Amino acid sequence: MSIAEQLQKVGLTEYEAKVYSSLLKDHLNSATKLSEKSGVPRTKIYSVLESLENKGWVKIYSGAPLLFKPVHPDEIFERMKRGYADLLKSINAMLEKEAIEMKEKFVIQNYDIGLNSLKEQIKKAKTVWVSNATAEFLKKVSDSFSEDAEIKVVLFPGEKGIAGPNIQSKEAVVRIVCMVRGKEIPSTTVILDEERVFTTFKDPVKNQYTVSEFLYDECNQCFRGWFNLGWGSPEGR
């Protein structure tokens with residue numbers, strides 16, 4: 001592959017590449033001679049040289065005739081590297097902003113699932129991990145536990161577990177609550193198949209459970225981490 005073909009890969013046109021590579025051989029030349037040596041038509045040579053100057057590849061020296069000199073390749077490519085690095089920083093900053101906005105959008109919870117819908121999802125799961133569970137909540141969803149599913153429950157401190165052939169229980173050492181209508185209410189997390197994460201709490205006035213699903217993976221990782229800490233606590237039982 002010729003030098004001219006290589007130069008086209010870094011942003012020069014075919015004519016620009018031919019003129020610049022010709023200039024590198026002569027170091028200083030007139031437009032007429034450059035047209036002859038590079039094969040670029042005389043009708044195009046001045047516009048090509050002007051474009052090369054604008055791009056910082058050529059310097060023009062006044063006189064009769066005008067003379068043209070190539071900028072040293074080291075200077076050009078050092079400038080290109082700096083420019084490319086700045087471009088990457090700019091693009092990265094823009095992408096970071098988009099990523100933050102994406103987080104803000106996708107940490108959004110999927111509301112209006114409802115307890116019955118959650119139970120339908122529990123029925124399909126092979127592993128069901130429940131954190132900060134109350135006995136009341138477990139009784140409401142226990143009929144959804146599949147007989148061959150792995151059920152691990154970290155109980156809200158002070159709560160009692162429920163019996164079941166495949167239900168393993170421990171009591172948490174940390175209370176996790178949410179404020180609902182000015183009251184501290186146990187905040188329960190349900191993790192299905194180690195992937196889907198649901199949170200739920202009971203409204204103290206309406207006596208109904210509000211269920212939401214976290215859709216953003218980094219949040220789900222946090223909830224899985226909290227469950228593993230609670231389940232692995234030596235103080236649990």
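Computed over the Cα atoms of region 109-231, pair by distinct pair, the Kirkwood hydrodynamic radius stands at 14.3 angstrom. Kindly work out what percent of the DSSP beta bridges joining two residues of the chain are antiparallel, to the nearest 5. If I count the DSSP bridges inside the chain, around 70 percent turn out antiparallel.
With R₀ set to 22 Å, the beta-carbon distance separating Glu14 from Asp74 gives a calculated FRET efficiency near 0.40.
I want the antiparallel fraction of DSSP beta bridges within region 109-231, as a percent rounded to 5. Of all bridge pairs located within region 109-231, approximately 65 percent are antiparallel. When only Cα pairs below 8 angstrom with a gap of at least 6 residues are kept, the chain shows a relative contact order of 15 percent. Full extension of the chain segment joining Asn92 with Cys222 gains 44.2 nm, where the gain is 0.36 nm per residue of separation less the Cα-Cα distance. Residue pairs exceeding 32 angstrom between C-alpha atoms, taken from Lys170/Lys206; Lys44/Lys89; Lys37/Lys89: Lys44/Lys89; Lys37/Lys89.
Relative to the current alpha-carbon distance between Val173 and Lys124, full extension at 0.36 nm per residue lengthens the span by 14.7 nm.
Here the chain is treated as an ellipsoid with the same Cα gyration tensor; its semi-axes, largest first and in whole Å, are 74, 17, 15.
Scoring 80-92, 55-67, 14-26 by mean Cβ neighbours within 10 Å over their residues and listing the highest first yields 14-26, 55-67, 80-92.
Taken together, the values in this text are just the output of simple stated rules run on the coordinates, not laboratory data. Note that the structure is predicted; figures quoted are calculated from it, not measured. When we count neighbours, we look across all protein chains shown, and the Cβ atoms used for this are built from the backbone with ideal geometry, even at glycine.
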